[in-house]
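The values are calculated or read from the model by the stated rules, or taken from the named source; none is laboratory data. Quick caveat: nothing in here was measured; it's all calculated off a predicted structure. FYI the Cβ positions are ideal-geometry reconstructions off the backbone, even for glycines, and counts take in every protein chain you see.
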Amino acid sequence: MTEVRRILQVARTDLSYFFRTKWLMAVLLSLNLSDMLVIGLVYSGLMKGGLVLNYFQFFAPAVVVMGLFMGALDTGRRIWLAFREGVIQYYLSLPISNKGLVAAYLIAGSVSAMIYSVSLLLVALIVLPTHAILNALAVLPFLFILAMGLAGIAAALAALASTHGEFFFAFQQIVQAFLLTFSTVYYPRQVMELYLPSILVTVASANPLSNAAEALREFVFKGSPIQPSVMISLTLTSVPFALIGALVYYKALQNLQVKGKL
């Protein structure tokens, strides 16, 4: 129980850094909201009569997923700063295991991502009529699992590039571009099948961001009954990211203890 308490204390401390950047978060939230309102409305007019009858309704849930993505990736920035400023070294001197330290950062990253995305979800629920508030509550735990997976990616990037900040942000942009581009966040699967090779369409379909966006569209905004298979798919595609990220971060902590540097 003592280890659990220490994990929660470290997670709370890291989460406090998230709230210290509230002005940055406010700017990012405003950008996401402008995407939802401006891009969604403009594209809805452009695509009228096409494969997407109402692009605004299609895109608004995707903005929530992008918010979750951005909030989780901010975990990497905090981990990188912790390496650069000696915070990690301080934590390693405390009576908490490396596994506990990894768990604390993943928990903090998941919670911060959920706070960010739920804020966007509340706005989307105001703008768009929702038919299933209970469905929204049921989907949130699975979004938390996705947030932990994305936080794992961010932790891995921070551990790999902790000695060079420019590398971290470059890696982050590459991962962000890949996961968002090859997904159904911006456009439906039918559109991708018209222009992309089948292998890329398959990758996009397996992308957890695609699964999360489709879950919000179908179960929250359309009010369709929740399909367990979709939730299982979202979980299975998210957990490996968290495990890989946790392993890379754990190895970085071990190297830091043994060598005194990364």
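If you take just the helices (runs of 4 or more DSSP H) that sit entirely in region 1-89, which of them hold at least 2 residues that are buried (at least 20 other Cβ atoms within 10 Å of the Cβ) and modelled with pLDDT of 80 or more?
Where helices (runs of 4 or more DSSP H) fall fully within region 1-89 and carry at least 2 residues being buried (at least 20 other Cβ atoms within 10 Å of the Cβ) and modelled with pLDDT of 80 or more, they are 2-20, 55-84.
Of all residues in region 210-262 being closer than 17 Å to Gly149 by Cα and among the aromatic types (Phe, Trp, Tyr), which is surrounded by the most Cβ atoms within 10 Å (Cβ to Cβ)?
Tyr249
Residues that are among the hydroxyl-bearing types (Ser, Thr, Tyr), over 12 Å from the mean Cα position of the chain (by Cα), farther than 19 Å from Asn98 by Cα and not in a helix (DSSP H, G or I): does region 113-120 have at least one?
no
Taking helices (runs of 4 or more DSSP H) that fall entirely within region 121-204, which contain at least 1 residues that are closer than 18 Å to Met231 by Cα?
133-160
Return a yes/no flag: does region 128-146 have any residue that is among the aromatic types (Phe, Trp, Tyr) and within 22 Å of Ala252 (Cβ to Cβ). Break it down into steps so the answer makes sense when it comes.
Our first condition is that a residue be among the aromatic types (Phe, Trp, Tyr); within region 128-146, this holds for 142, 144.
Pick out the ones that are also within 22 Å of Ala252 (Cβ to Cβ) and you get none.
Checking region 128-146: not a single residue is among the aromatic types (Phe, Trp, Tyr) and within 22 Å of Ala252 (Cβ to Cβ).
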